[in-house]
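J.: First the structure, then my questions, so here it is.
The values are calculated or read from the model by the stated rules, or taken from the named source; none is laboratory data. Being a predicted model, the structure only gives us computed values, none of them experimental. Because the Cβ atoms are built from the backbone with ideal geometry, glycine has one as well, and the counts that use them run over all protein chains shown. Surface areas here come from the heavy atoms of the whole protein model, side chains and all, with no ligands, DNA or RNA. Shrake-Rupley method; radii C 1.70, N 1.55, O 1.52, S 1.80 Å.
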Amino acid sequence: MQNFDVVVIGAGAAGLFCAGIAGQRGLKVLVLDHSEKVAEKIRISGGGRANFTNREIDPRAPHKHFLGDNPNFCRSALSRYTPQDFIALVGKHGIPFHEKHKGQLFCDRSADDLIQMLLAECAAGGVERWQPCGVKTVRVAGDGGYEIDTERGTVRSKRVVVATGGLSIPKIGATDFGYRLAKQFGLRLIEPRPGLVPLTFDGEAWAPYADLSGLALPVQIEVGGVSDPLAPLLCGSLPPKGVSIASGRPGGKKKERMVFSEDLLFTHRGLSGPAVLQISSYWREGMPIRVNLAPESNLPDALAHAKARSRKLIANELASLVPSRLADAWAAQDADWQRPISEASDKALARLAERLSHWELNPTGSEGYRKAEVTLGGVDTRDLSSQTMESKQPGLYFIGEVVDVTGWLGGYNFQWAWASAHACATGL
Ligand SMILES: Cc1cc2nc3c(=O)[nH]c(=O)nc-3n(C[C@H](O)[C@H](O)[C@H](O)COP(=O)(O)OP(=O)(O)OC[C@H]3O[C@@H](n4cnc5c(N)ncnc54)[C@H](O)[C@@H]3O)c2cc1C
């Protein structure tokens with residue numbers, strides 16, 4: 001039977017990073033994965049270019065960008081391994097990258113650069129890698145270490161690191177292994193659910209918008225709380241893109257109001273795009289979402305002004321404020337809106353402005369794990385050390401997405417994978 005200091009289960013972002021650091025610190029490390037290829041999620045991330053971190057992470061205030069029952073849990077790991085640390089590593093490997101908006105960093109060439117970097121770090125640490133190699137059972141051995149039955153035989157290890165990720169995109173290898181193992185050792189779980197996921201709507205109610213599939217536009221979107229009529233949300237002074245206005249503890253149990261200014265995408269079955277992906281992580285069944293489809297315009301003023309000077313159809317005037325396909329679909333919904341704007345009543349125009357800036361929708365569901373970028377929930381952080389990621393079960397560690405820490409869209413989830421892996425590897 002082979003002996004290791006550490007067996008890492010899952011050769012994804014967190015697992016490979018942890019294995020490399022642990023190996024370079026002199027530990028004898030085995031990393032195994034049931035998939036044929038390593039880190040498939042890195043490969044498909046960020047449209048194939050991996051949005052690998054975000055410069056705007058504030059480790060002192062993780063609740064701004066991370067959800068979970070206790071968003072402050074990730075403070076220690078995030079402040080000990082920062083985006084700057086990862087950027088330095090990427091630079092050391094000569095990987096070209098660029099910044100998109102809001103601090104998001106992407107590889108210039110391909111996400112494969114990042115995978116090769118992680119594999120090189122593992123090689124530098126003498127890490128042994130087995131794949132495809134599934135794990136059958138993990139049990140405590142007589143000496144307090146672990147025996148792991150794998151498809152290539154049983155191995156012994158002093159410590160086991162679980163880095164099997166979440167449930168999203170099962171077709172590239174996601175499993176509930178990590179959650180089952182946590183349960184086996186008596187650890188608590190926060191119920192998993194899909195996050196950063198497109199939302200769907202009832203077929204009939206969605207019919208007026210189905211033809212808009214493919215249309216994208218900047219919006220302001222919000223969920224939770226109660227719309228505050230005094231908040232300057234409709235015209236003029238908008239919060240900066242991606243800002244949360246929380247009336248409770250973001251990511252916590254209290255009801256909260258979250259607001260994002262991002263792009264919205266109409267799909268055949270509902271809504272997607274960064275705006276909806278972000279809000280989906282805060283959305284719960286039964287909650288309406290509210291969308292301002294013209295967040296940069298003062299609609300009542302613009303329509304009143306147009307009425308005074310134009311004889312065009314309302315839809316044509318509206319097309320200067322929102323995309324023309326949207327303007328047409330909107331005007332078609334009410335006979336009062338299908339006439340020249342000069343002939344429209346003030347009441348009809350006020351109703352139009354109100355509907356466009358306060359579009360309230362009730363999602364019937366989401367596209368689920370098939371399309372979700374992340375899994376919310378996971379191993380309860382109350383049963384983990386925020387310093388080392390070790391669980392209450394001595395020698396058993398959990399890192400990355402399997403833990404109840406979920407980031408916003410924009411590189412936050414990878415930074416959590418790197419930071420939790422680093423905290424674990426240096427604590428092993
Ligand atoms: C389409 C898409 C795009 C994304 N884009 C971004 C982005 O641009 N930026 C960002 O920050 N985040 C992004 N994410 C999220 C990010 O990919 C994950 O948060 C991150 O990969 C989690 O790292 P992890 O190591 O915890 O899990 P993973 O990277 O998912 O790795 C888990 C590994 O465990 C293996 N495994 C699972 N079960 C078993 C088992 N039973 N036995 C053995 N091995 C097992 C899997 O095969 C996998 O290799 C994206 C996700 C998706 C789905």
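J.: For segment 87-103, which positions are open to solvent by 30 Å² or more (accessible area, probe 1.4 Å) and in a helix (DSSP H, G or I)? Break it down into steps so the answer makes sense when it comes.
T.: Initial filter on segment 87-103 (open to solvent by 30 Å² or more (accessible area, probe 1.4 Å)): 88, 91-94, 96-102.
Selection gives Ala88, Gly91, Lys92, His101, Lys102.
J.: Can you tell me how many residues within segment 321-350 are without any contact (Cβ under 8 Å) to a residue 60 or more places away in the chain and in contact with a Ser or Thr (Cβ under 9 Å, 6 or more places away or on another chain)?
T.: Residues flagged as without any contact (Cβ under 8 Å) to a residue 60 or more places away in the chain and in contact with a Ser or Thr (Cβ under 9 Å, 6 or more places away or on another chain) within segment 321-350 amount to 6.
J.: Of Ala50, Ala39, Ala11, which residue is more than 24 Å from Thr388 (Cβ to Cβ), within 9 Å of the ligand (Cβ to nearest atom) and surrounded by 15 or more Cβ atoms within 10 Å (Cβ to Cβ)? Lay out the reasoning, then the answer.
T.: On the way: Ala39 fails: more than 24 Å from Thr388 (Cβ to Cβ); Ala11 fails: more than 24 Å from Thr388 (Cβ to Cβ).
Testing whether each residue is more than 24 Å from Thr388 (Cβ to Cβ), within 9 Å of the ligand (Cβ to nearest atom) and surrounded by 15 or more Cβ atoms within 10 Å (Cβ to Cβ) leaves just Ala50.
J.: Within segment 323-428, which strands (runs of 3 or more DSSP E) (wholly inside it) include 2 or more residues that are surrounded by 21 or more Cβ atoms within 10 Å (Cβ to Cβ)?
T.: Values: elements: 359-361, 374-379, 396-398.
In segment 323-428, 374-379, 396-398 are the strands (runs of 3 or more DSSP E) which contain 2 or more residues that are surrounded by 21 or more Cβ atoms within 10 Å (Cβ to Cβ).
J.: Would you call Lys183 within 30 Å of Gly273 (Cα to Cα) and open to solvent by 30 Å² or more (accessible area, probe 1.4 Å)?
T.: Judged against the criteria, Lys183 is not a match.
J.: Here are some conditions: (1) closer than 20 Å to Gln415 by Cβ; (2) of a type outside the set (Phe, Trp, Tyr); (3) not in a strand (DSSP E or B). Thr175 meets all but one. Which one does it not meet?
T.: (1)
J.: Quick one: is His63 near the ligand (Cβ under 8 Å from one of its atoms) and over 16 Å from Val374 (Cβ atoms)? Quick ask: steps written out before the conclusion?
T.: Working: near the ligand (Cβ under 8 Å from one of its atoms): no; over 16 Å from Val374 (Cβ atoms): yes.
Spelling it out, it is not the case that His63 is near the ligand (Cβ under 8 Å from one of its atoms) and over 16 Å from Val374 (Cβ atoms).
J.: Here are some residues: Phe73, Phe106. Which one is in a strand (DSSP E or B), touching a helix residue (DSSP H, G or I) at 6+ places or on another chain (Cβ under 6 Å), farther than 30 Å from Gln2 by Cβ and open to solvent by less than 30 Å² (accessible area, probe 1.4 Å)? Step through it out loud before you land on a result.
T.: Values: Phe73 fails: in a strand (DSSP E or B).
Matching residue, one of Phe73, Phe106: Phe106.
J.: Tell me, which strands (runs of 3 or more DSSP E) lie completely within segment 117-169 with 2 or more residues that are acidic (Asp, Glu) and open to solvent by less than 50 Å² (accessible area, probe 1.4 Å)?
T.: 146-150
J.: With respect to Thr375, determine if the residue is in contact with an Asp or Glu (Cβ under 7 Å, 6 or more places away or on another chain), within 9 Å of the ligand (Cβ to nearest atom) and closer than 23 Å to Lys171 by Cα. Give the derivation first.
T.: On the way: in contact with an Asp or Glu (Cβ under 7 Å, 6 or more places away or on another chain): yes; within 9 Å of the ligand (Cβ to nearest atom): yes; closer than 23 Å to Lys171 by Cα: yes.
Considered against the rule, which asks whether it is in contact with an Asp or Glu (Cβ under 7 Å, 6 or more places away or on another chain), within 9 Å of the ligand (Cβ to nearest atom) and closer than 23 Å to Lys171 by Cα, Thr375 comes out as yes.
J.: Are there any pairs, at least 6 apart or on different chains, whose C-beta atoms fall under 8 Å, with the first in segment 414-426 and over 13 Å from Ser386 (Cα atoms) and the second within 11 Å of the ligand (Cβ to nearest atom) and of a type in the set (D, E, K, R), and if so, which?
T.: Ala417/Glu401
J.: Moving on to the next point. How about segment 14-36: which of its residues are assigned to a loop (DSSP other than H, G, I, E, B) and surrounded by fewer than 24 Cβ atoms within 10 Å (Cβ to Cβ)?
T.: Residues of segment 14-36 assigned to a loop (DSSP other than H, G, I, E, B): 25-28, 33-36.
Listed by number, the residues that qualify are Arg25, Gly26, Leu27, Lys28, His34, Ser35, Glu36.
J.: Residues in segment 88-111: is at least one touching a Lys or Arg at 6+ places or on another chain (Cβ under 7 Å), of a type in the set (S, T, N, Q) and either away from the ligand (no atom under 11 Å from the Cβ) or modelled with pLDDT under 95 (or both)?
T.: Checked segment 88-111: at least one residue is touching a Lys or Arg at 6+ places or on another chain (Cβ under 7 Å), of a type in the set (S, T, N, Q) and either away from the ligand (no atom under 11 Å from the Cβ) or modelled with pLDDT under 95 (or both).
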